[in-house]
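Colleague: Quick one: this structure, given as structure tokens, is what I'll be asking you about.
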Amino acid sequence: MKIKGIVFDKDGTLLHYESCWYPVTLAAIEYVAKKYPGAEVCREGIKKRLGLHPDGSMDIDGPHRLGLHPEIAMAFIDEYSEAGIEYEKDKLIADVSDGFRLSLPVGRVVPICDNMRGILESLKAEGIKLGLITSDTVHGAKHTLSQLGIADLFDVLLVNNGEHPPKPDPAYMTVFERETGLSPDEILMVGDTFSDIDFGINAGAHTLGVATTDKNREKLATRAEYMAKDVSEIFGILAKIENL
């Protein structure tokens with residue numbers, strides 16, 4: 001079977017997740033803490049609930065990876081409740097959202113591997129259609145891809161704009177199939193979370209999990225059809241699929 005289309009997630013797959021989101025999350029925690037007396041004692045608890053580790057790594061199955069502020073805010077809500085910090089739920093959720101939005105400039109946009117553009121250009125040279133499906137906004141996705149120098153290489157760019165159910169529901173993969181004319185067994189889904197892999201599985205596509213740490217690779221390997229350290233190893237994976 002020859003793969004004719006590859007769909008990528010963005011954060012953690014093309015973009016080094018921790019380089020961007022670890023400092024942003026720390027800054028957001030501090031931003032929110034300043035608004036609630038005594039909240040400083042909750043720093044470490046919130047980091048643990050969000051899957052942030054002292055070595056700078058982040059769990060792939062933590063609420064942070066969902067990318068949705070209400071879910072992330074639950075870490076603050078639970079920790080503040082246990083510590084007896086007074087808060088109003090809707091306001092705290094809004095403060096968490098503001099904290100992340102205002103802290104974005106401290107994050108660094110770093111490609112997950114060297115020669116990212118060259119890798120994607122080589123895939124396109126083989127006639128493979130490239131897609132990106134992300135929970136980010138159109139503006140956010142295009143801005144990040146431009147910083148990585150790869151914005152012009154994707155044939156299909158899809159974001160979670162509410163038009164279809166989000167990953168792992170396969171609806172957005174159906175859009176990619178329609179726009180490229182490909183069938184599910186001709187597509188490889190590449191992502192760094194269980195949601196990405198389940199998205200590919202639900203769509204009937206092949207799946208490649210990528211994770212930079214041994215711990216996260218072990219977790220993702222329980223679901224993904226193939227595993228790699230990063231997308232630089234994708235050509236070997238494509239060869240394996242072709243030889244099935």
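Colleague: Can you send over the solvent-accessible area of S19, 1.4 Å probe, protein chains only, in Å² to the nearest 10?
Modeller: 20 Å²
Colleague: Right, here's the next one. With labels modelled as points extended 7 Å from the Cα through the Cβ direction, what inter-label distance (nm, one decimal) is found for T174 paired with D55?
Modeller: Reported label-point gap for T174 and D55 is 4.2 nm.
Colleague: Related question: Could you pull the accessible area for L158 with a 1.4 Å probe, rounded to 10 Å²?
Modeller: 20 Å²
Colleague: Please name which of I72, F100, I46 has its Cα lying farthest along the dipole of the chain towards the positive end, using unit charges on Cβ (Lys, Arg +1; Asp, Glu -1) and the Cα centre as origin.
Modeller: Result: F100, furthest along the dipole toward the positive end.
Colleague: Which of these, Y226, Y22, Y36, has the largest mean-square fluctuation under a Gaussian network model of the chain (Cα springs below 10 Å)?
Modeller: Between Y226, Y22, Y36, it is Y36 that shows the largest mean-square fluctuation.
Colleague: Which cross-chain or sequence-distant (5 or more) residues have an amide H under 5 Å from the amide H of M189, H modelled 1.01 Å from N in plane?
Modeller: Placed amide hydrogens put V7, H206, T207, L208 under 5 Å from M189.
Colleague: Please list, ordered by chain and number, the residues whose modelled amide H lies under 5 Å from the amide H of M227; skip anything fewer than 5 residues away on the same chain.
Modeller: Close amide H contacts, sequence-distant or interchain: G209.
Colleague: Can you compute 3J(HN,Hα) from phi for each residue in the range 8-23, using the Karplus curve 6.51 cos²θ - 1.76 cosθ + 1.60 with θ = phi - 60°, rounded to whole Hz and x for Gly and Pro?
Modeller: 3J(HN,Hα) across the range 8-23, in whole Hz: 10, 6, 9, 5, x, 10, 9, 9, 5, 4, 5, 4, 8, 8, 5, x.
Colleague: Still on this structure, please answer the following. Considering only protein heavy atoms, with the full assembly of protein chains and a 1.4 angstrom probe, order K10, K240 by accessible area, largest first.
Modeller: K240, K10
Colleague: Right, next: As I understand it, the dipole of the range 4-62 uses +1 on the Cβ of Lys and Arg and -1 on the Cβ of Asp and Glu, about the Cα centre. Which of L14, Y36, V24 lies farthest toward its positive end?
Modeller: Of the listed residues, the answer is Y36.
Colleague: Using 7 Å Cα-to-Cβ label points, what is the K91/R117 separation (nm, one decimal)?
Modeller: Between K91 and R117, the simple spin-label model gives 4.8 nm.
Colleague: Return P(r) of the range 101-243 (all Cα-Cα pairs; 10 Å bins starting at 0; whole %; ordered from short to long distances).
Modeller: 11, 40, 41, 8, 0
Colleague: Can you give the accessible area of H16, probe radius 1.4 Å, in Å² rounded to 10?
Modeller: The accessible area comes out at roughly 50 Å².
Colleague: So, one more: How far, in nm, would the chain grow between N161 and E126 when pulled straight, counting 0.36 nm per residue and subtracting the alpha carbon separation?
Modeller: Values: separation 35, 0.36 × 35 = 12.60 nm, distance 3.08 nm.
The N161-E126 span can extend by a further 9.5 nm.
Colleague: Now for a separate question. Can you list the HN-Hα couplings for the range 199-204, worked out from phi with the Karplus curve (6.51, -1.76, 1.60; θ = phi - 60°), rounded to whole Hz and with x for Gly and Pro?
Modeller: After applying 6.51 cos²θ - 1.76 cosθ + 1.60, I find 4, x, 4, 4, 8, x Hz.
Colleague: Still on this model: Per DSSP helix of 4 or more residues, -39500 (n - 2.57); summed, then divided by the residues of the chain. What does that give at 222 nm, rounded to the nearest 500?
Modeller: -14000 deg cm²/dmol
Colleague: Let me ask something additional. Test of understanding: what is the full-extension gain from E233 to A151, defined as 0.36 nm times their sequence separation minus their Cα-Cα distance?
Modeller: Values: separation 82, 0.36 × 82 = 29.52 nm, distance 2.10 nm.
Separation in residues times 0.36 nm, less the Cα-Cα distance, equals 27.4 nm.
Colleague: About the Cα centre of the chain, how large is the charge dipole given +1 on each Lys and Arg Cβ and -1 on each Asp and Glu Cβ? Please answer in debye to the nearest 20.
Modeller: 300 debye
Colleague: Got a sec to turn the phi values of the range 222-233 into Karplus ³J(HN,Hα) couplings, 6.51 cos²θ - 1.76 cosθ + 1.60 with θ = phi - 60°, whole Hz, x for Gly and Pro?
Modeller: Couplings: 6, 10, 6, 5, 9, 10, 8, 5, 7, 6, 5, 8 Hz.
Colleague: In addition: Between G12 and residues 5 or more places away or on another chain, which pairs have amide H atoms under 5 Å apart, with H built 1.01 Å from N, and which residues are they?
Modeller: Amide H neighbours of G12: Y17.
Colleague: Which three extents, in whole angstrom, do the alpha-carbon atoms of the range 1-110 cover along their principal axes, largest first?
Modeller: Over the range 1-110, Cα extents along the principal axes are 58, 23, 23 Å.
The values are calculated or read from the model by the stated rules, or taken from the named source; none is laboratory data. It should be emphasised that the depicted structure is a prediction, and the values quoted were computed from it without experimental measurement. Note: ideal-geometry Cβ built from the backbone for every residue, glycine included; neighbour counts use all protein chains shown. Each accessible area value is taken on the protein alone, full model and side chains, heavy atoms only, with ligands, DNA and RNA left out. Shrake-Rupley method; radii C 1.70, N 1.55, O 1.52, S 1.80 Å.
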